[in-house]
1. Within the group 158, 107, which residue is modelled with pLDDT of 95 or more and hydrophobic (A, V, I, L, M, F, W, C)?
2. Given the conditions (1) part of a helix (DSSP H, G or I); (2) within 19 Å of residue 52 (Cα to Cα), report the number of the one that residue 99 does not fulfil.
3. Just checking, does segment 124-133 include any residue being within 30 Å of residue 31 (Cα to Cα), touching a residue at least 24 places away in the same chain (Cβ under 8 Å) and over 18 Å from the mean Cα position of the chain (by Cα)?
4. Look at residue 93 and say whether it is assigned to a loop (DSSP other than H, G, I, E, B), of a type in the set (Gly, Ala, Ser) and under 25 Å from residue 32 (Cα atoms).
5. Output the number of the condition that residue 117 fails; it satisfies all remaining conditions of (1) over 30 Å from residue 20 (Cα atoms); (2) open to solvent by less than 90 Å² (accessible area, probe 1.4 Å).
6. Would you say residue 106 is among the basic types (Lys, Arg), free of Cβ contacts under 8 Å to residues at least 40 places away in the same chain and open to solvent by less than 80 Å² (accessible area, probe 1.4 Å)?
7. Among the residues of segment 18-45, what is the count of those that are in contact with a strand residue (DSSP E or B) (Cβ under 7 Å, 6 or more places away or on another chain), closer than 23 Å to residue 100 by Cβ and not small (Gly, Ala, Ser)?
8. In segment 14-28, which residue that is in a strand (DSSP E or B) and under 20 Å from residue 136 (Cβ atoms) is least open to solvent (accessible area, probe 1.4 Å)?
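The values are calculated or read from the model by the stated rules, or taken from the named source; none is laboratory data. Quick caveat, the model's predicted, so the values are computed rather than measured. Note: ideal-geometry Cβ built from the backbone for every residue, glycine included; neighbour counts use all protein chains shown. Accessible surface is based on the protein model in full, side chains and every heavy atom, while ligands, DNA and RNA are left aside. Shrake-Rupley method; radii C 1.70, N 1.55, O 1.52, S 1.80 Å.
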Amino acid sequence: MSETDATQQFRIDAESESSTRTAVETRGFEFVVDEPEAAGGTDEGPTPVEYLLGSWAGCLNVVAHLVADERDIEIESLDLSIEGDLDPRAFQGISEDERAGYQEIRVRIDAETDADEETLQEWLAAVERRCPVGDNIQNATPTAIELVDESAAESASVSVASE
């Protein structure tokens, strides 16, 4: 199987419902991204950066159980806590010296299993290595953002790519 044959594409479609609220659809599922009232939102859903942390937790959960099954480790319980430090000055346009994203993210996994410490460390290393969301957070991923201006007489397209 070639690398191209193994590639799967994931897609969401989103619509701005206000300056802070976004309705997102994927595979027949819908969810809302919003900001707290203190930030001008209606607090009807998690913020984008909270969804990022939640996505990582969901991915770690799936991969942790997959790797545990492969290694005959029984997981009795698995709790994840993820927190990150974000300086909002870049997002708010106050400073260009700060990163817009998280400066640091910390993951705590509390796992009750039947495995010994050495096996758990090997399991954890495999989970971290194989988690797609964690990989995207920990490593630069090439991106391309394209603006399509449908209000112009002729549709103009502007692309911004990063590697």
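1. Residue meeting the stated conditions: 107.
2. (1)
3. Residues of segment 124-133 that are within 30 Å of residue 31 (Cα to Cα), as a first pass: 127-133.
The next check asks that each one be touching a residue at least 24 places away in the same chain (Cβ under 8 Å); those that pass are 127, 130-133.
Then keep just the ones that are over 18 Å from the mean Cα position of the chain (by Cα); that gives none.
Within segment 124-133, not a single residue is within 30 Å of residue 31 (Cα to Cα), touching a residue at least 24 places away in the same chain (Cβ under 8 Å) and over 18 Å from the mean Cα position of the chain (by Cα).
4. Values: assigned to a loop (DSSP other than H, G, I, E, B): yes; of a type in the set (Gly, Ala, Ser): yes; under 25 Å from residue 32 (Cα atoms): yes.
Considered against the rule, which asks whether it is assigned to a loop (DSSP other than H, G, I, E, B), of a type in the set (Gly, Ala, Ser) and under 25 Å from residue 32 (Cα atoms), residue 93 comes out as yes.
5. Failed condition: (2).
6. Values: among the basic types (Lys, Arg): yes; free of Cβ contacts under 8 Å to residues at least 40 places away in the same chain: yes; open to solvent by less than 80 Å² (accessible area, probe 1.4 Å): yes.
Taking the combined requirement at face value, the residue satisfies it.
7. 6
8. Ranking the candidates gives 24 first.
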